[in-house]
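Novice: Below are the structure tokens for one structure; questions will follow.
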Amino acid sequence: MHFITEQELQLKYRQGKLKTIMLTDEERLTPGAKQFLNDHQVPLVSSDTLSLSGEVTNDTSAEMTLANRRETFFLLLEVELWEAAVKAHDVHSASCERIACLAQSIRVIMTEDFPELVFPEVEDCEETVLDEITKAEVFCPGGKVILKLRRAIIQATALQTCVTSEQKLALEQSIDLIKTEICLLGKL
């Protein structure tokens, strides 16, 4: 009998190798390891989810793939927004605060805790067309922030394909706020 510890899981998690955990009949989790999986929302696949032939069913495999993809995109989007906030810190403090608030909202959207969802207040800005990146946009004082925010829009758009309808609406609001922030930064 092998007991998987919290330290083993932490190491795999830091290395990015922990999307799901599949236990064999000879493996068990320590209480700390179970708590770690719960805290980090890592799905546990046990022999109960295996088919009679001993293989993961196609439905279970597809669900795990979708869950992993969704979690990865949410985390990438959150990191992208935090990086944008860090870069905005040197350019415009109000923009930094709004972007940080957006980054925090991504975790709320991921966990579907919609009563806790608060978007930052943003001043009005005319509709921004984001078809192509311009030289003026990149080389303005907030250019690095704008590039990060554009990447965040791409990730949020991709994420909308694999989330619930409520999450999709919340992501759409986030995209609109990011576009407005790009507009405001372009005016600096």
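Novice: Can you give the extra length, in nm with one decimal, that the chain gains between Thr111 and Gln173 once fully stretched, where that is 0.36 nm per residue apart less the Cα-Cα distance? Numbers along the way, then the final one.
Specialist: Details: separation 62, 0.36 × 62 = 22.32 nm, distance 1.64 nm.
Result for the pair: 20.7 nm of gain on full extension.
Novice: Add +1 for every Lys or Arg and -1 for every Asp or Glu among the other residues with Cβ under 12 Å from the Cβ of Ile178, and state the total. Display every interim value, and only then the final one.
Specialist: Working: positive: Arg98, Lys148, Arg150, Arg151, Lys179; negative: Glu80, Glu172, Asp176, Glu181.
Local charge sum for Ile178: +1.
Novice: Sketch the reach of a paramagnetic label on Asn68 as a point 7 Å from Cα along Cα-to-Cβ, and name the residues of region 4-36 whose backbone nitrogen lies under 14 Å away.
Specialist: 13, 16-23
Novice: Another question about this same structure. Roll a 1.4 Å probe over the protein heavy atoms and report the accessible area of Asp176 in Å², nearest 10.
Specialist: Using a 1.4 Å probe on the heavy atoms, I get roughly 80 Å².
Novice: Taking a probe of 1.4 angstrom, what is the accessible area of Val79 in Å², to the nearest 10?
Specialist: 80
Novice: On to the next question. Given a 1.4 Å probe and the protein chains all in place, what does the accessible area of Glu63 round to, in Å² to the nearest 10?
Specialist: Its accessible surface works out to 130 Å², give or take rounding.
The values are calculated or read from the model by the stated rules, or taken from the named source; none is laboratory data. Note that the structure is predicted; figures quoted are calculated from it, not measured. Positions of Cβ are backbone-derived with ideal geometry, glycine not excepted, and every protein chain shown enters the neighbour counts. The accessibility values were calculated without ligands, DNA or RNA, using every heavy atom of the protein model including side chains. Shrake-Rupley method; radii C 1.70, N 1.55, O 1.52, S 1.80 Å.
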